[in-house]
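Following: one structure in structure tokens, then a few remarks.
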Amino acid sequence: YALVLDASALTMRSVKLPDAPAMDPIENMVEKTEYCRDLEDVVHRLFIRYVRTRLDPDSWADEATAIAGWLAGTPPLGEDDE
């Protein structure tokens with residue numbers, strides 16, 4: 001999968017789906033539709049996770065600290081430099 005996600009409206013553009021292995025055009029379209037549904041589900045679940053983290057002050061403080069470390073080039077907790 002590859003896509004451009006517009007965060008302001010949570011819209012997906014330039015979506016590139018995996019190749020569908022089906023030979024029949026109808027089966028191919030069904031598989032592509034399932035890929036789209038799966039992608040939409042993943043984006044939705046990530047957004048819900050973000051909102052829950054953002055609304056919990058303790059979780060958001062931890063996340064903000066991790067983001068600041070990531071921007072500074074510090075590895076996240078639990079990851080080695082190896």
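Could you tell me which of the residues Glu82, Glu40, Glu63, Glu31 is touching a strand residue (DSSP E or B) at 6+ places or on another chain (Cβ under 9 Å) and either modelled with pLDDT of 90 or more or open to solvent by 100 Å² or more (accessible area, probe 1.4 Å) (or both)?
Details: Glu82 fails: touching a strand residue (DSSP E or B) at 6+ places or on another chain (Cβ under 9 Å); Glu63 fails: touching a strand residue (DSSP E or B) at 6+ places or on another chain (Cβ under 9 Å); Glu31 fails: touching a strand residue (DSSP E or B) at 6+ places or on another chain (Cβ under 9 Å).
Just a single option satisfies the conditions, and that option is Glu40.
Within segment 36-61, residues that are free of Cβ contacts under 8 Å to residues at least 12 places away in the same chain and under 22 Å from Ser14 (Cβ atoms) sit with their Cβ atoms under 9 Å from residues that are open to solvent by 100 Å² or more (accessible area, probe 1.4 Å) and of a type outside the set (D, E, K, R), at 6+ positions apart or across chains, in these pairs: Asp38/Tyr1; Val42/Tyr1. Given the criterion surrounded by fewer than 12 Cβ atoms within 10 Å (Cβ to Cβ), of a type in the set (A, V, I, L, M, F, W, C) and over 21 Å from the mean Cα position of the chain (by Cα), identify the matching residue among Ile48, Ile26. The match here is Ile26. Candidates Thr53, Thr74: the one that is modelled with pLDDT under 90 and among the β-branched types (Val, Ile, Thr) is Thr74. There is at least one residue in segment 1-22 that is open to solvent by 100 Å² or more (accessible area, probe 1.4 Å) and modelled with pLDDT under 90.
The values are calculated or read from the model by the stated rules, or taken from the named source; none is laboratory data. A quick note: this is a predicted structure, and the numbers were derived from the prediction, not measured. Here Cβ is always computed from backbone atoms with ideal geometry, including for glycine, and neighbour counts include all displayed protein chains. With ligands, DNA and RNA removed, areas are computed over all heavy atoms of the protein, side chains included. Shrake-Rupley method; radii C 1.70, N 1.55, O 1.52, S 1.80 Å.
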